[in-house]
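The structure appears right after this line, and notes come after that.
The values are calculated or read from the model by the stated rules, or taken from the named source; none is laboratory data. In this text the structure is predicted, and so the values were computed from the model without any measurement. Glycine gets a Cβ as well: all are built from the backbone with ideal geometry, and neighbour counts include every protein chain shown.
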Amino acid sequence: TSVQTRHALETRALDHLWMHSNDLEWDDLQEGGLRVFSRGHGSTLIDVHGAEYIDGLAGLFVVAAGHGRTEIGEAMARQAGEIAYTAASNAANPVNIALAEKISSLTPGDLNRVFLCSGGSEAVESAMKIAKQVQVMRGHGKRYKIIARRGSYHGTTFGAASLTGSASEKYFGPFMPGVSKVPNPNQYRNDFGLDGEAGDIMCARFIEQEILAQGPENVAAVIGEPISVANGTHLPSPIYWQMLRDICDRYGVLLIMDEVITGWGRTGKWFAAEHYGVVPDIMTMAKGLSSGYAPVAAVAVRSSIFDDFRPTGQALNHLITFGGHAVAAAAALKNIEILERENLVQRSAEMGTYLYDLAQKLRSHPTVGDVRGGLGLLCAIDFVKNKDTREAWGTSHPFIKFLALRTQEEGLVTRVWDVLHLAPPFVLTRDEAERAIDIVDRCLTEAE
Ligand code: PLP
């Protein structure tokens, strides 16, 4: 889209919408970088000019079931006609009960108590507060510290941002006290110069050292994404999560797994925790839970944590007005029904392997250092200035910016930070997977 042929909706967007934290600069948006999508079906997005794109990122790791699911809208309309809203603090409704049951049945282990909310950041805030309050309920009132990881992303609200690796201290600091950040598994550029599993083991040991350094009697929880997309989609070895589980148990520290991206089939299983054979104490989820048809998120908590509130007679001191919203719950339930009916989690696993295998051919480019993924539709292509030094370009480098804009012009919507992420809807076809990789291939050749 050139500036000359700008659609009226693009002009209005540029005039009034405040785009959220964005990779493109204002000039890029002005010069055609801003797309207005007015329709979608499956993995296809259609902009106001009628041009079609492959949604290579399912929005933002969200639209698992694909675009254009009228059936979800119909379930929401029916629910709105029955009852749209009840207050989460003093009532329930049939659909939020059903959703809590469904989440309990699909999450691993005894994650059987469900706190409903509206977004990933809210889920993380809630998880953190549940962890802190249960420590108090257990008589460990001093345990307020949280250990998080560098390079991680947990959200944008103040608590969640405090846990995030790269939160912008420059604009918003100082953040919440009592948070320490430890190394994140990274087998490609390891903090300790160790290859493979050894680096992951060192990262796990680091967490134990941090608990000891802070004093176990002061630490409430450890939080991490099972696979950290923000950190570049490095798949930790299973031993990493198994060690974390053991370490947390040893010191009475709660383990929070943030499955906001990885949950609901993104990694080819309902939850990424299943790949690691680990049940966290608290699990956060959002995005794919409703495939984005409504803002819904949840915190699934082990029964033992809820049980520790009971003898105290104290409620969880945390209330969110829109938590358990009936129309949102109806959207999530219908989405889960579709994922089950169409075996889409299995499809994510199969298409994930297909896409990952195709992406390997990009390694022949001098600028592609690594292609990671292979668990579900979660693939990352890591760009380097030099394959030997593995030096990254940096997100604002013209090479990265060129790729971000050119792939979009060529019909692939994705996101390029230091790495290019591919996480399309699970309904992606083989043809779309091939076209997506071809576009990246061509744009890379142009950029080089
Ligand atoms: N946690 C993780 C792992 C995420 O990836 C995100 C968002 O990308 C969040 C939390 C925050 O979710 P939201 O943007 O819905 O508040």
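Whenever a residue of the stretch 123-141 is more than 16 Å from Met176 (Cβ to Cβ) and away from the ligand (no atom under 16 Å from the Cβ), its partners that are among the aliphatic types (A, V, I, L, M) and part of a loop (DSSP other than H, G, I, E, B), lying with C-beta atoms within less than 9 angstrom and at least six residues away or across chains, give the pairs Val134/Leu316.
Of all residues in the stretch 414-434, those that are under 20 Å from Phe402 (Cβ atoms) and more than 16 Å from the chain's Cα centre (by Cα) total 1.
Filtered by the rule that a residue be farther than 16 Å from Cys379 by Cβ and at pLDDT below 95, the stretch 418-448 gives a lone residue, Glu448.
Looking only at the stretch 355-373, how many residues end up being surrounded by fewer than 18 Cβ atoms within 10 Å (Cβ to Cβ), in contact (Cβ under 8 Å) with a residue 40 or more places away in the chain and under 23 Å from the mean Cα position of the chain (by Cα)? Residues meeting the conditions: 0.
Conditions (1) in contact with an Asp or Glu (Cβ under 9 Å, 6 or more places away or on another chain); (2) not β-branched (Val, Ile, Thr), marked per residue:
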| site | (1), (2) |
| --- | --- |
| Gln79 | no, yes |
| Glu82 | no, yes |
| Ala88 | no, yes |
| Pro94 | yes, yes |
| Leu99 | no, yes |
| Ile103 | no, no |
| Leu116 | no, yes |
| Gly119 | no, yes |
| Ser126 | no, yes |
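Of the residues making up the stretch 146-165, those that are aliphatic (A, V, I, L, M) and within 18 Å of Gln209 (Cβ to Cβ) are Ile146, Ile147, Ala148.
Scanning the stretch 223-243 for residues that are within 16 Å of the ligand (Cβ to nearest atom) and in a helix (DSSP H, G or I) yields a single hit, Trp241. Scanning the stretch 142-161 for residues that are free of Cβ contacts under 8 Å to residues at least 60 places away in the same chain, surrounded by fewer than 18 Cβ atoms within 10 Å (Cβ to Cβ) and either within 9 Å of the ligand (Cβ to nearest atom) or of a type in the set (Ser, Thr, Tyr) (or both) turns up just one, Thr157.
Among the criteria (1) touching a helix residue (DSSP H, G or I) at 6+ places or on another chain (Cβ under 9 Å); (2) crowded, with 23+ Cβ neighbours inside 10 Å, the one Ser228 does not fulfil is (1). Within the stretch 374-408, the set of residues being outside any loop (DSSP other than H, G, I, E, B) and without any contact (Cβ under 8 Å) to a residue 12 or more places away in the chain comprises Asn386, Glu391, Pro398. Every test in (1) away from the ligand (no atom under 14 Å from the Cβ); (2) within 21 Å of the chain's Cα centre (by Cα); (3) assigned to a helix (DSSP H, G or I) is passed by Lys170 save one, and that test is (2). Being among the charged types (D, E, K, R) and modelled with pLDDT under 95 holds for only one residue in Arg415, Arg341, and it is Arg415. Taking the condition closer than 19 Å to Ile146 by Cα, within 15 Å of the ligand (Cβ to nearest atom) and either among the charged types (D, E, K, R) or surrounded by fewer than 24 Cβ atoms within 10 Å (Cβ to Cβ) (or both), does Asp249 pass? Here the answer is no, as Asp249 does not meet what is asked. Pairs linking a residue in the stretch 282-295 that is closer than 21 Å to His41 by Cα and outside the structural domain of Leu60 (by TED's automatic domain parsing) to a residue that is in a strand (DSSP E or B) and away from the ligand (no atom under 11 Å from the Cβ), with Cβ atoms under 7 Å and 6 or more positions apart or on different chains, are Leu289/Ala298. Highlighted here are the helices (runs of 4 or more DSSP H) found entirely within the stretch 1-106 that include at least 1 residues which are touching a strand residue (DSSP E or B) at 6+ places or on another chain (Cβ under 6 Å) and of a type outside the set (Asp, Glu): 94-106.
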